[in-house]
Amino acid sequence: FGLHPIPSHAYSNMADANSTKTSEAVTKYRTKIMTAPDENLDLPTYEDVVDAAKILDSVAHHTPLQTSRTLDNELGVKAFVKCENMQRMGAFKFRGGYNAVSHCKDTAAGILTYSSGNHAQAIALASKLHGIPATIIMPKDAPPLKLIATQSYGGNVIFYDRYTEIRDEVAKRVKETLPEGTVFVPPYDHKYVIAGQGTVGKEMIDDLQSESITLDYLFVCVGGGGLISGISLAAKALSPQTKIIGVEPEAGNDAQQSLEQGRIVHIETPRTIADGAQTQHLGNLTFAIMKEHVSQMITVTDEELVDGMKFFGERMKMVVEPTGCLGLAGLRKMVKNGEVAKGSCCGVVISGGNVDMKRYCELISSSLPSS
């Protein structure tokens, strides 16, 4: 997750004949793979989340829960904010990345993945901690901050064009050049990645229940669905009455469409400041879990994300990337629409805080009105 403007040339290039042809091929390919999901899915369970918590103990940070009287007074609810922006490498992705790498560390010759940023950093760092080489496929327009961090963790970065190339095909070509035994770990549609992300929910609910607090709602950002899938496994086991609300950018509501239509819907790369949610479709695993456990999917605008960035910075003294503000924006929207009762206990997950400071300052100092 994070922030980086999509360059205008990415769109203009797709308008020429060659790029149009490539784009049509990409769409045809993706439509094919989306209409024939594997029915024999090895889905993670809450027991996998518990196992992940043991693996991550003393490795991942036990991130804090923060509250704000200002936010509570504004909304008329009691809000509890899970601060994964304070996680190692600045985002929840470390949990899933480390858990996945730990399961193959004894046999893998190396790790391969693709990511626009936070998963890239997570795999690079997790691989470094396990002494395994990592190769990361990143889009050419990946946020510079995330690129630099990935490289600083030892990741060997290979670039591709996310608007004209199919990253699965790029990964296949790259894998053929790597040592035999290299293991591919995708950003979200992976049993142990999902289980690792689920520890966010387990940790949050355990902490609240130790204070005799039960959440009525839990708001979670959605890109590919790894975080909300893992969290929902933990929530349904530990707090089944809690409603899990997924929040994605208005410009990229593929998850909302997928749950409404009962199938995985593919969209083109959305134009949004929430680069961590610029995914084009859910995974087979995440879709299967979400349709069982997620209560509702809603969308918010980029302007609402900027309002969230301002609030976290001004009132809670935290730097949060745009994607990390999806949960708060969703809570605010549902309260405004009268869909959350006054006095409700509401959880909000901040997914990360990896954002270029120059761009961050440009956004929070913009003339967009604050809620």
note = Note: among ASN99, ASN73, just one is of a type outside the set (Phe, Trp, Tyr), modelled with pLDDT of 90 or more, farther than 23 Å from PRO143 by Cβ and in contact with a Phe, Trp or Tyr (Cβ under 6 Å, 6 or more places away or on another chain), namely ASN99
ask   = Can you name the condition, by its number, that VAL355 falls short on among (1) touching an Asp or Glu at 6+ places or on another chain (Cβ under 8 Å); (2) open to solvent by less than 20 Å² (accessible area, probe 1.4 Å); (3) part of a helix (DSSP H, G or I)?
value = (3)
task = Could you please give the count of residues in the range 176-205 that are open to solvent by less than 60 Å² (accessible area, probe 1.4 Å) and either in a helix (DSSP H, G or I) or at pLDDT below 95 (or both)?
result = 14
ask   = Residues of the range 99-155 being open to solvent by less than 50 Å² (accessible area, probe 1.4 Å), part of a loop (DSSP other than H, G, I, E, B) and either under 24 Å from GLN280 (Cβ atoms) or free of Cβ contacts under 8 Å to residues at least 24 places away in the same chain (or both), which ones?
value = SER115, SER116, GLY117, ASP141, ALA142, PRO143, GLY155
request  = Answer yes or no as to whether THR63 is modelled with pLDDT of 95 or more, assigned to a loop (DSSP other than H, G, I, E, B) and polar (S, T, N, Q).
outcome  = yes
request  = Looking only at the range 303-325, decide whether some residue is of a type in the set (Ser, Thr, Tyr), in contact with a strand residue (DSSP E or B) (Cβ under 9 Å, 6 or more places away or on another chain) and either at pLDDT below 95 or farther than 24 Å from MET138 by Cα (or both).
outcome  = no
remark   = GLN197 fails exactly one of (1) at positive phi; (2) touching a Leu at 6+ places or on another chain (Cβ under 9 Å), namely (1)
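Residue-by-condition table, conditions (1) in contact with a Lys or Arg (Cβ under 9 Å, 6 or more places away or on another chain); (2) surrounded by fewer than 23 Cβ atoms within 10 Å (Cβ to Cβ); (3) more than 18 Å from ALA79 (Cβ to Cβ):
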site	(1), (2), (3)
GLU250	no, yes, yes
ARG271	no, yes, yes
LEU282	no, no, yes
GLU321	no, no, yes
SER344	yes, yes, no
ILE350	yes, no, no
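Of the residues in the range 272-310, how many are among the hydrophobic types (A, V, I, L, M, F, W, C) and more than 17 Å from ASN354 (Cα to Cα)?
Final tally of qualifying residues: 10.
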task = Would you mind stating whether ARG332 is modelled with pLDDT of 95 or more, basic (Lys, Arg) and either in a helix (DSSP H, G or I) or open to solvent by 10 Å² or more (accessible area, probe 1.4 Å) (or both)?
result = yes
task = Please work out which residue is surrounded by the fewest Cβ atoms within 10 Å (Cβ to Cβ), limiting yourself to the range 206-248 and to residues that are over 13 Å from GLU292 (Cα atoms) and among the β-branched types (Val, Ile, Thr).
result = THR214
query = Given the conditions (1) farther than 25 Å from PRO143 by Cβ; (2) outside any loop (DSSP other than H, G, I, E, B); (3) among the hydrophobic types (A, V, I, L, M, F, W, C), which single one is not true for ALA341?
reply = (2)
inquiry  = Can you confirm whether GLY276 is open to solvent by less than 20 Å² (accessible area, probe 1.4 Å), modelled with pLDDT under 95 and part of a helix (DSSP H, G or I)?
reply    = yes
key: Checklist (1) assigned to a loop (DSSP other than H, G, I, E, B); (2) open to solvent by 50 Å² or more (accessible area, probe 1.4 Å) applied to CYS361, failing item   = (1)
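The values are calculated or read from the model by the stated rules, or taken from the named source; none is laboratory data. What you see is a predicted model, and the numbers here were worked out from it, not measured in a lab. Note: ideal-geometry Cβ built from the backbone for every residue, glycine included; neighbour counts use all protein chains shown. Only protein heavy atoms, including side chains, enter the accessible area calculation; ligands, DNA and RNA are left aside. Shrake-Rupley method; radii C 1.70, N 1.55, O 1.52, S 1.80 Å.
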